[in-house]
Amino acid sequence: MDKPHIRMAEERKLLGMRMQTTVSEDRALELWSSFRPRVAEIGHKADDRFYSVQVFPENFSLSTFNGDTRFDKWAAVEVTDHREVPEGMETLILPGGQYAMFIHRGAAREFNRTFQYIFGHWLPYSGYELDARPQFEIMEAGYRPDDPASEEEVWIPIREK
């Protein structure tokens, strides 16, 4: 696994669908199966990329996180504004700030190894700590979750210790 790029990100406006889930439930396929066929309804996309966003509760802590911790999972795209929202979709503002950006290479089912590296190896020794903002992944338009050659950007919100 490569070291991350430390980036300052601007605020982003997203439009998509969300559901509450846990790591144990892993309802991502259900969420994306509902959202992907409806992307054409969004007429003001900023680009063709997809965002998978995890919004954790305010009292979230890595020390208490487990497979049953509930969080909001989003399937979304970036938009230029929030004026037109198709029925059944919602808006989300991704706050700007400092992030560690990693590249996950491989099928989505192998994401756990990237997660383990970030939170079990890199973060504890990095001089940073997790910040209380959403974490997200960005996938290009042709992303295929079952393709072992797939790549996605993994953005982890951080602040200096």
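Quick look at the numbers
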item	result
Residues located in the stretch 23-46, provided they are within 15 Å of V77 (Cα to Cα), surrounded by fewer than 13 Cβ atoms within 10 Å (Cβ to Cβ) and not basic (K, R)	S33, P37, A40, G43
Residue match in the stretch 24-40 (condition: modelled with pLDDT under 95, out of contact with any helix residue (DSSP H, G or I) (no Cβ under 7 Å at 6 or more places or on another chain) and among the β-branched types (V, I, T))	no
Of all residues in the stretch 12-22 being of a type outside the set (A, V, I, L, M) and either surrounded by 14 or more Cβ atoms within 10 Å (Cβ to Cβ) or without any contact (Cβ under 8 Å) to a residue 12 or more places away in the chain (or both), the one that is nearest to Y143 (Cα to Cα)	G16
Selected residue [within 13 Å of the chain's Cα centre (by Cα) and among the basic types (K, R)] from R7, R70, R49, R36	R49
Flag if E160 is surrounded by fewer than 15 Cβ atoms within 10 Å (Cβ to Cβ) and either over 16 Å from the mean Cα position of the chain (by Cα) or within 27 Å of A40 (Cα to Cα) (or both)	yes
Listing of strands (runs of 3 or more DSSP E) fully contained in the stretch 51-146 that carry 2 or more residues being surrounded by 13 or more Cβ atoms within 10 Å (Cβ to Cβ) and among the small types (G, A, S)	71-78, 97-105
Answer residue from the stretch 83-117, given it is farther than 25 Å from F35 by Cβ and not basic (K, R) and is modelled with the lowest pLDDT among those	Q116
Within the stretch 78-116, tally of residues that are among the aliphatic types (A, V, I, L, M) and over 24 Å from E25 (Cβ atoms)	6
Among residues of the stretch 31-50, those that are out of contact with any strand residue (DSSP E or B) (no Cβ under 8 Å at 6 or more places or on another chain), part of a helix (DSSP H, G or I) and among the small types (G, A, S), counted	2
Tally of residues being of a type in the set (K, R) and surrounded by 12 or more Cβ atoms within 10 Å (Cβ to Cβ) across the stretch 2-11	1
Residue tally, condition more than 20 Å from T64 (Cα to Cα) and touching a Pro at 6+ places or on another chain (Cβ under 6 Å), over the stretch 104-147	3
Condition check for F136: modelled with pLDDT of 95 or more, more than 22 Å from M19 (Cα to Cα) and among the aromatic types (F, W, Y)	no
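The values are calculated or read from the model by the stated rules, or taken from the named source; none is laboratory data. Because the structure is a prediction, the values reported are computed rather than measured. For neighbour counting, all protein chains shown are included, and Cβ atoms are generated from backbone atoms with ideal geometry for every residue, glycine included.
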